[in-house]
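The next block holds one structure in the form of structure tokens; read it before the comments.
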Amino acid sequence: MKICLRSSLFAFVFLIGTVCIVAQDPQALFNRGLDEFNEGKFAQAEATFKIVVKATPAVPEGHFNLGLALYRQKKYGEAAKAFAEAVRLKPAYPRAYIQLGNTLDLSGNYAGALAAYASAEKLEPDNAVIFYHRGLAHETVGKLPEADAQFRKAIALDPKYRSAYNALARLLDKRKQEDAAVIFYEKLADLDPKDAYAQQRIGDHFLRSKKYPEAAMQFKISIALDPTNASAHLGLGAAYFNDKKYAEAVAPYHEASRLDPNSAQPVVYLADAYRVQRLFPDAKAAYQKALTIDPKSADAIYWLGAIAVTEQNMADARAYHTRLKAIDAAKAAKLLDFISPK
């Protein structure tokens, strides 16, 4: 099942001639339903389109738009029936097949979704949208190479298809192919410079490549676009820290910890920035805070022990060593060498 609801395809206007029902004009009702849908009033649009399809059951566009209203309310079972009726009435209806495929996929009917996309492809073999959504269906069931191929096909058909670039880049991240992913994040950023996540992932690439000034610049761009992106703040801190700008790393690490209070990592990094500046009281306080979030943070325990040694507090140092042995034997051995050099 997908995490995010896909965006609906455009609602379609249809003309029904002079058909009328008592006291109501189906065309006027249809237009009202479109207005309600476009205003985000999906329950009202559903009710309106139900009247439309009851009055004009042979018109496929009514069923299609009813399906869209149901889909946006996550009523996937009912939506699938509406889209299926639309394609039954109008077999050459690729958009309805695509939306049927999306709905079946979100309902967990992978085989049915693929069949719907295949029907759409027969009608519009060069429609990039079909391949994009088929890729999402493959990804849902863990068929990642197949998803990769579909996203690339979508991009080949439409080189400006931002959703396909985004999907492919994230898929490559998922497959631990970060250096390949950055190519598509860069293209995405070219197409949409305001994509904060793409800018952050480009920054992550520069950070991995040890291009710290370039990484810092990218993270600043990402933060300007989305100040709530904890990962971008964390990356900015790391860019400064690795560039030996330890004092400058403090503020972004602190902000990352504020934005992501359940993660010990930014607090440990903040403590590291204090420690290398020999601001030991601040470092110890931060490491202790990290341990309240994650009592098994080996880095926090190790450095608390190391600082205790530096301060000649050997009792605390040995206590941290004992605590660390149960978590990370290699780090515990390293700390012991610091406590009692051979």
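Of note:
- Computed magnitude of the charge dipole of the chain (debye, nearest 20; Cβ of K, R +1, Cβ of D, E -1): 700 debye
- Mean projected area in nm² (Cα convex hull; one quarter of hull surface) for the stretch 183-240: 3.2 nm²
- Neighbourhood charge, 14 Å Cβ-Cβ cut-off, centred on Glu78 and excluding it, Lys, Arg +1 and Asp, Glu -1: +3
- Going from the fewest other Cβ atoms within 10 Å to the most, the residues Thr56, Thr310 appear in the order Thr310, Thr56.
- Normalised convex hull volume, the stretch 240-342, alpha-carbon set, Å³ per residue: 96 Å³
- With neighbours defined as other Cβ atoms within 10 Å of a residue's Cβ, the residues Asp126, Asp272, Asp260, Asp105 order from fewest to most as Asp126, Asp260, Asp272, Asp105.
- Relative to the longest principal axis of the Cα atoms of the chain, helix 280-293 runs at roughly 40 degrees.
- Checked against a 32 Å cut-off, the cross-linked pairs Lys122/Lys160; Lys81/Lys143; Lys54/Lys153; Lys74/Lys296 give Cα-Cα distances beyond that limit for Lys54/Lys153; Lys74/Lys296.
- For the chain, excluding the exposed loop sites themselves (GluC sites (Glu not before Pro), DSSP loop, at most 16 other Cβ atoms within 10 Å), the longest remaining stretch covers 40-310.
- Angle between the chain longest axis and helix 162-174 axis [Cα atoms, degrees, rounded to 10]: 40 degrees
- In the stretch 150-300, the inverse of the mean reciprocal separation of distinct Cα atoms equals 16.2 Å; this is its Kirkwood hydrodynamic radius.
- Helix 42-55 and the long axis of the chain differ in direction by around 20°, with both axes built from C-alpha atoms.
- Per-residue 3J(HN,Hα) values for the stretch 200-216, derived from phi via the Karplus relation 6.51 cos²θ - 1.76 cosθ + 1.60 with θ = phi - 60°, read 5, 5, 5, x, 4, 5, 4, 5, 4, 7, 6, 9, 5, x, 5, 4, 4 Hz in sequence order (x marks Gly and Pro).
- Most mobile of Leu89, Leu234, Leu100 in a GNM of the chain (Cα contacts under 10 Å): Leu89
- Matching label, log10 I(q)/I(0) by the Debye sum over Cα atoms at q = 0.07, 0.11, 0.13 Å⁻¹ computed from the structure shown, candidates (i) -0.34, -0.88, -1.25; (ii) -0.64, -0.93, -1.08; (iii) -0.48, -0.85, -0.99: (iii)
- Rounded to the nearest 500, the helix-only mean residue ellipticity at 222 nm of the chain stands at -23500 deg cm²/dmol, with each DSSP H run of n ≥ 4 adding -39,500 (n - 2.57).
- Net charge of neighbours whose Cβ lies under 11 Å from the Cβ of Pro266, counting Lys and Arg as +1 and Asp and Glu as -1: -1
Each value in this text was obtained by applying a stated rule to the coordinates, not by laboratory testing. In this text the structure is predicted, and so the values were computed from the model without any measurement. Don't worry about glycine lacking a Cβ; one is built from the backbone with ideal geometry, like all the others, and counts go over all protein chains shown.
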